[in-house]
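Worksheet: the structure to be examined is printed underneath.
The values are calculated or read from the model by the stated rules, or taken from the named source; none is laboratory data. Since we're looking at a predicted model, the values are computed, not measured. Cβ atoms come from the backbone with ideal geometry, glycine included; neighbour counts cover every protein chain shown. Ligands, DNA and RNA are excluded from the accessible area calculation, which covers all protein heavy atoms including side chains. Shrake-Rupley method; radii C 1.70, N 1.55, O 1.52, S 1.80 Å.
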Amino acid sequence: MATCRIKFTLRCPSSDTQRFASTCRLPNPSYPLLLNLNPASSSNPKKVSCSSARRRSFGTVRAHMATEEKPVSEDRMLVFVPPHPLIKHWVSVLRNEQTPCPIFRNAMAELGRLLIYEASRDWLPTVTGEIQSPLGVASVEFVDPREPISVVPILRAGLALVEHASSILPATRTYHLGIGRNEETLQPTVYLNKLPDKFPEGSRVFLVDPMLATGGTIVAAMNLLKDHGVDNKQIKVISAVAAPPALQKLSEKFPGLHVYTGIIDPIVNEKGFIIPGLGDAGDRSFGT
C-alpha cells in the first residue's frame, strides 16, 4: 500500500476523517497523538489509530505504524482543528442539507467567530499599564488598537465566515478579495483585489476561505498576500472545512503557515467539491 505524506503538523483531537500522513497532537505538548493515516486506496475510509504515550519529540507516522522520530520544525505548516464542542455543533448545522439559508449564514458566522478566537491566542499585540478601578489601582493589559489585525475574506462565502470578526477583534481592517473558480478547469480567476499596495511591516493577517478543497483559490490568495509584503508566518488561514489536496498544496508552497479549520474531510470529487462537506458555502449563505 502506498503512503502519501504531507509535511505539516496537525494539532487536533483524534478524528476518523483524515486519511493522509501527518503528525497530530493536542494543544498540550506533553500528550502527543501519533496517527496512522493512510491515503484513500479503497471506498472505505481507514480508521485512525492513536497512541498517547508521553514523549518530547514527534514522529511522522507511516503505514503499518512505522515511525520516524523527528522534532516538529518551525518551518512546517501547522493545521489546527480546535476540539471545542461549539465548533462541532456549528459544523454539524452547516452540514445539514435541511438548514435554511438564514440559519446557515448565522452558523457560518458563529463558526468563524470561534475559529478566529482560537487563532488569535498569543498572536494579538498588547499594551500594559495601570488604571484606577473603583477600589484601587490595577495592572492591566489591552489589545493594542494602534496595530489593527487585517482580515481578508475571499468573496463571497468568506463574508459569512467573518461576519462576527469585529466582535472578537477590538481593531480590524478588512480587505476584500474576489476569486472565482472555473467550474470546468477548477482554476482560480481574480476579479476583485482590494489589498493595499503594501501591508505595513509586521502586519498580522487572517485570510478567510470557508472551503479549502482543491487548493487553487487559497494558493492564489496566498500568493497575492505575499506579493503585497506579507510573510507566511504573518498569516493565519481560517476555514470551515478543509481537505487533503488543499492542505498538501499549502504545505508545499507556504512553510510556517498556520491553518485553523472546523473539520477535515477526506475526499474532493471530480467537480472540486469536498465530500461530505457542506455544499456550496456561498450559495447556501446568500440563497443565490
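Of the residues contained in the range 187-210, one or more are found to be under 22 Å from ARG121 (Cα atoms) and of a type in the set (Asp, Glu).
Looking across the range 244-288, just one residue is over 20 Å from GLY158 (Cβ atoms), polar (S, T, N, Q) and over 14 Å from the mean Cα position of the chain (by Cα), and that is ASN269.
Take the residues in the range 193-206 that are out of contact with any strand residue (DSSP E or B) (no Cβ under 8 Å at 6 or more places or on another chain) and at pLDDT 90 or above; name whichever of them is surrounded by the fewest Cβ atoms within 10 Å (Cβ to Cβ). Among those residues, the one meeting the criterion is ASP197.
Identify all residues within the range 235-278 that are open to solvent by 40 Å² or more (accessible area, probe 1.4 Å) and part of a loop (DSSP other than H, G, I, E, B); write none if there are none. Matches in the range 235-278: PRO255, ASN269, GLU270, LYS271, PHE273, PRO276. Residues in the range 130-154 that are polar (S, T, N, Q) and open to solvent by 40 Å² or more (accessible area, probe 1.4 Å): GLN132, SER133, SER139.
When residues in the range 279-288 are screened for being in a helix (DSSP H, G or I), open to solvent by 10 Å² or more (accessible area, probe 1.4 Å) and of a type outside the set (Phe, Trp, Tyr), 2 of them pass. Could you tell me which residue of the range 155-192 is surrounded by the most Cβ atoms within 10 Å (Cβ to Cβ), considering only residues that are among the polar types (S, T, N, Q) and under 21 Å from PHE286 (Cβ atoms)? Restricting to residues being among the polar types (S, T, N, Q) and under 21 Å from PHE286 (Cβ atoms), the top hit is THR174.
Can you tell me which residue within the range 97-129, out of those that are of a type in the set (D, E, K, R) and closer than 13 Å to ARG284 by Cβ, is least open to solvent (accessible area, probe 1.4 Å)? Within the range 97-129, the match that is least open to solvent (accessible area, probe 1.4 Å) is ARG105.
For the range 103-117, the criterion of being assigned to a strand (DSSP E or B) and either touching a helix residue (DSSP H, G or I) at 6+ places or on another chain (Cβ under 6 Å) or of a type outside the set (Lys, Arg) (or both) is met by none of the residues.
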